[in-house]
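Each reported figure results from applying straightforward, stated rules to the coordinates on display, with no laboratory input. The model shown is predicted, which means the values in this text are computed figures rather than measured ones. Virtual Cβ from ideal backbone geometry, glycine too; neighbours counted across all protein chains shown.
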Amino acid sequence: MPQKMEKEDIVFSRNTVEFVTVAAEFCAYLERTNEHDRKEFVETLLKLLPLLYIKAQMLPDEDKISDEDMEDFVTEDSYEVLRMTIFDLLADKDSYLDVFVAEMKYSDTPVTKSISEDLADIYQDIKNFVCLFQLGINETMHDAIIECNEHFQQYWGQTLVNTLRALHDIRYSTNLDEEEEDNE
């Protein structure tokens, strides 16, 4: 039976360092959304999101050290600015039908989701994690890893997969090259 890692081992393990690297890049990319056209944005996320998912799966399943709530760094305003920036870029491609929603089994109508809201939700959790990790306090870093893994399993992992499906549809069901030419 494998022995549990010490908190320092978890914080500085290869899997954690790789996740932090991808998480920071994901956040930085979304923060620069307005620098990209729709095609580049979609194609890059189709590469970043699977990598983020894979690296999140490698995070350890352990208990937190502290019972205290983790600090939030993403404000409601910064969340909304990011969501609207993504929405503006995706425009008519932002909405998609979701079948992995609990309410779906009680509904006669399809449940519509928003890529921009999904990405902002994922960003919020990942950005809070990255900011906590950057504090450089081992106990906080340890608990941030554990909490991020819990949130991945319970919330944003499924959201990421659903969003990836919607982005895949944008990329391969529509001709983004023609759309870019039309916009020029």
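Data table
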item	result
Helix-only [θ]222 nm of the chain, DSSP H runs n ≥ 4, -39500 (n - 2.57) each, per residue, nearest 500	-20500 deg cm²/dmol
Gained length - Ala91 relative to Val111, 0.36 nm times residue gap less alpha-carbon distance	5.3 nm
10 Å Cβ shell holding at most 12 others, DSSP loop, trypsin sites (Lys or Arg not before Pro): longest site-free stretch of the chain	33-184
In nm, spacing of pseudo-spin labels at Lys39 and Asp63 (7 Å Cα→C-beta vector)	5.4
